[in-house]
1. Take the conditions closer than 13 Å to residue 121 by Cβ and over 11 Å from the mean Cα position of the chain (by Cα) and apply them to residue 75. Does it pass?
2. How many residues are buried (at least 18 other Cβ atoms within 10 Å of the Cβ), in a helix (DSSP H, G or I) and either touching a strand residue (DSSP E or B) at 6+ places or on another chain (Cβ under 8 Å) or modelled with pLDDT under 65 (or both) when one looks only at the range 144-170?
3. Return a yes/no flag: does the range 97-116 have any residue that is loosely packed, with under 14 Cβ neighbours inside 10 Å, at pLDDT 95 or above, more than 16 Å from the chain's Cα centre (by Cα) and within 27 Å of residue 155 (Cβ to Cβ).
4. Being closer than 28 Å to residue 142 by Cβ and either surrounded by 17 or more Cβ atoms within 10 Å (Cβ to Cβ) or modelled with pLDDT of 95 or more (or both), is that true of even one residue in the range 43-50?
5. Given (1) without any contact (Cβ under 8 Å) to a residue 40 or more places away in the chain; (2) within 18 Å of residue 29 (Cα to Cα); (3) touching a helix residue (DSSP H, G or I) at 6+ places or on another chain (Cβ under 6 Å), identify the lone condition not met by residue 94.
6. Looking at this structure, is residue 84 within 30 Å of residue 136 (Cα to Cα), out of contact with any helix residue (DSSP H, G or I) (no Cβ under 9 Å at 6 or more places or on another chain), part of a helix (DSSP H, G or I) and modelled with pLDDT of 95 or more?
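The values are calculated or read from the model by the stated rules, or taken from the named source; none is laboratory data. Fair warning: this is a prediction, and the values are worked out from it, not measured in the lab. Virtual Cβ from ideal backbone geometry, glycine too; neighbours counted across all protein chains shown.
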């Protein structure tokens, strides 16, 4: 029954949670590919900013909404905890990238390592036996979660004035309170 509901939702308005998260993955992968080919410092800076901002919003919506629902529905602590640790590592590297520029000798290397980290993380989420397949097998309401994720994503993007500026710390503090409180 849950499967039929999920399939139906994908064809109407808001995508289900997994479809939305996978679309974010594809967008960032595309930007990483453009970054690898870019030679102009301004283009690299723009792409790095887009990547970092998109990943900050993506990790926030996963941590605030999707991951808690996943853990509750599946009880898969190992997968959940690994995803959280991967996010923490990515956030540290994102902060370093944001604090530097293409003139920094290590800028390209940092973006490249972030790309590899995200590729691994995506493989863990999307792969066989990963978080997304276990989510589909569970009783998670992926349609409702998709609506929540889309709404929170829009809120974070509007708080930041689009994808050119980082989300405000208000959303980050909320995520930390929910994680640790």
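1. Details: closer than 13 Å to residue 121 by Cβ: no; over 11 Å from the mean Cα position of the chain (by Cα): yes.
Taking the combined requirement at face value, the residue does not satisfy it.
2. Residues flagged as buried (at least 18 other Cβ atoms within 10 Å of the Cβ), in a helix (DSSP H, G or I) and either touching a strand residue (DSSP E or B) at 6+ places or on another chain (Cβ under 8 Å) or modelled with pLDDT under 65 (or both) within the range 144-170 amount to 0.
3. The answer is yes, given that some residue of the range 97-116 is loosely packed, with under 14 Cβ neighbours inside 10 Å, at pLDDT 95 or above, more than 16 Å from the chain's Cα centre (by Cα) and within 27 Å of residue 155 (Cβ to Cβ).
4. Taking the range 43-50 and keeping what is closer than 28 Å to residue 142 by Cβ, we get 50.
Right, trim to either surrounded by 17 or more Cβ atoms within 10 Å (Cβ to Cβ) or modelled with pLDDT of 95 or more (or both) and you get 50.
Yes: the range 43-50 contains one or more residues that are closer than 28 Å to residue 142 by Cβ and either surrounded by 17 or more Cβ atoms within 10 Å (Cβ to Cβ) or modelled with pLDDT of 95 or more (or both).
5. Of (1) without any contact (Cβ under 8 Å) to a residue 40 or more places away in the chain; (2) within 18 Å of residue 29 (Cα to Cα); (3) touching a helix residue (DSSP H, G or I) at 6+ places or on another chain (Cβ under 6 Å), only one is false for residue 94: (1).
6. On the way: within 30 Å of residue 136 (Cα to Cα): yes; out of contact with any helix residue (DSSP H, G or I) (no Cβ under 9 Å at 6 or more places or on another chain): no; part of a helix (DSSP H, G or I): yes; modelled with pLDDT of 95 or more: yes.
So residue 84 fails the test.
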